[in-house]
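Structure provided below as structure tokens; questions to follow.
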Amino acid sequence: MSDDEPTRASSAPLLSGRGLSRTYRLPRSSPFQPGPVRHALVGADLDVGHGESVALIGESGSGKSTLVKTLLALDTPTEGTVRFDGRPVRPGRASALRWFRRDTGVVLQDPYSSLDPRMRVRDTVAEPLRALSIAGDRRARVDEVLDRVGLTRHHADGYPHELSGGQRQRVAIARAIVHRPRLLVGDEPMSALDVTVRAQILQLLRELRDDLGLSLLTVSHDIGLVQHLADRVAVLHEGRIVEQGTVDAVLRHPGHPYTRALVAAVPTLD
Ligand SMILES: Nc1ncnc2c1ncn2[C@@H]1O[C@H](COP(=O)(O)OP(=O)(O)OP(=O)(O)O)[C@@H](O)[C@H]1O
Ligand SMILES: [Mg+2]
């Protein structure tokens, strides 16, 4: 079967990465030698099933954001392939990826840098509806989504710099779900939220999963969140997925030293 064939196998995972690697050539320090190579990601295989919630954990610098960006065609892997619903996904022209952007929502790691400081919150949240030509009452949809993440009309008419870090993170979440994607990918999407707002967003995500079959891929350092939100977990270490399985299996019987250390640091697990 050709790699370009737009097969739609319903048995295929919703999102599937195979053999994903990303190397960076660092700046050369000598005019006679090539710069050193950094292996940010090495041969990662990761699936997210229909309606499934997968968490990605690992220490800082282990390659979590790199994996997320290659899976989302926001970065080009040095090697490997990505499929969504069986269909190949490659970075390229926005028009060629529109089908994929419609079906996915993204909260990147630094929500402030992903919000345009000159755009009102309302317009920021409406942007995917416009960019993806989604029909319907956009204003009503934006109000509805802002309400779901606990922001008011007052916030909607303001600018990002007028918001707290947690409020900006909620704007980023609202923008990621406004067009009703099938897969929501979050890179530390709740790190700046206090416990009450976090509980509210968790409840929202659970409802979206139950009602719409939303699939989730979440990067998180927070084991409590992983336990609450994920069915499966994958552990990254130095660019490799060193362990993956159900949350219960991985957290109760961690095989890798990093996972063991992570679990040992959580006193409430048992
Ligand atoms: N543009 C780049 N150029 C060179 N090296 C990079 C670049 N982006 C990432 N890296 C390197 O790739 C590795 C993985 O980075 P990545 O951002 O994926 O880590 P992470 O697991 O998301 O970490 P954190 O938890 O701190 O967000 C790191 O060693 C990082 O320094
Ligand atoms: Mg990161």
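The values are calculated or read from the model by the stated rules, or taken from the named source; none is laboratory data. Quick caveat, the model's predicted, so the values are computed rather than measured. All Cβ positions, glycine included, derive from the backbone under ideal geometry; neighbour counts span all protein chains shown. Side chains are part of the model used for accessible areas, which takes the heavy atoms of the whole protein and leaves out ligands, DNA and RNA. Shrake-Rupley method; radii C 1.70, N 1.55, O 1.52, S 1.80 Å.
Please go through the range 49-69 and pick out each residue that is away from ligand 2 (no atom under 11 Å from the Cβ) and in contact with a Phe, Trp or Tyr (Cβ under 7 Å, 6 or more places away or on another chain).
Once the filter is applied, which keeps residues that are away from ligand 2 (no atom under 11 Å from the Cβ) and in contact with a Phe, Trp or Tyr (Cβ under 7 Å, 6 or more places away or on another chain), the range 49-69 yields nothing.
Can I ask one more? Just need a number here: residues in the range 144-166 that are more than 17 Å from Gly105 (Cβ to Cβ) and open to solvent by 40 Å² or more (accessible area, probe 1.4 Å).
Of the residues in the range 144-166, 9 are more than 17 Å from Gly105 (Cβ to Cβ) and open to solvent by 40 Å² or more (accessible area, probe 1.4 Å).
Just give me the residues in the range 45-70 being touching a residue at least 40 places away in the same chain (Cβ under 8 Å) and either away from ligand 1 (no atom under 12 Å from the Cβ) or out of contact with any strand residue (DSSP E or B) (no Cβ under 9 Å at 6 or more places or on another chain) (or both), in sequence order.
Asp45, Leu46, Val48, Gly49, His50, Gly51, Glu52, Ser53, Val54, Ala55
Among (1) open to solvent by less than 80 Å² (accessible area, probe 1.4 Å); (2) closer than 23 Å to Leu20 by Cα; (3) of a type in the set (D, E, K, R), there is one condition Glu207 misses while meeting the rest; what is its number?
Exception for Glu207: condition (2).
So that you can scan it fast, the table gives a plain yes or no per residue for (1) farther than 27 Å from Ser53 by Cα; (2) within 16 Å of ligand 2 (Cβ to nearest atom); (3) not hydrophobic (A, V, I, L, M, F, W, C):
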{"residue": "Glu127", "(1), (2), (3)": "no, no, yes"}
{"residue": "Leu163", "(1), (2), (3)": "yes, no, no"}
{"residue": "Gln167", "(1), (2), (3)": "no, no, yes"}
{"residue": "Val185", "(1), (2), (3)": "no, yes, no"}
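Are any of the residues in the range 46-66 surrounded by fewer than 22 Cβ atoms within 10 Å (Cβ to Cβ), farther than 29 Å from Gly255 by Cα and at pLDDT 95 or above?
no
One residue is enough: does the range 152-168 have a residue meeting the conditions over 20 Å from His228 (Cβ atoms), touching a Lys or Arg at 6+ places or on another chain (Cβ under 7 Å) and of a type in the set (D, E, K, R)?
Looking for residues that are over 20 Å from His228 (Cβ atoms), touching a Lys or Arg at 6+ places or on another chain (Cβ under 7 Å) and of a type in the set (D, E, K, R), one finds at least one in the range 152-168, hence yes.
Of the conditions (1) among the aliphatic types (A, V, I, L, M); (2) without any contact (Cβ under 8 Å) to a residue 40 or more places away in the chain; (3) within 16 Å of ligand 2 (Cβ to nearest atom), Ala94 clears all except one; give me its number.
(3)
May I pose another question? Find the residue count for the range 118-143, including only residues that are open to solvent by less than 10 Å² (accessible area, probe 1.4 Å) and under 18 Å from Gly186 (Cα atoms).
Of the residues in that region, 2 qualify.
Restricting to the range 14-40, name every residue that is within 14 Å of ligand 1 (Cβ to nearest atom) and among the charged types (D, E, K, R).
Those that are within 14 Å of ligand 1 (Cβ to nearest atom) and among the charged types (D, E, K, R): Arg22, Arg25, Arg28, Arg38.
Scanning for something of a type in the set (Ser, Thr, Tyr) and surrounded by fewer than 21 Cβ atoms within 10 Å (Cβ to Cβ), does the range 213-221 turn up at least one residue?
No: zero hits.
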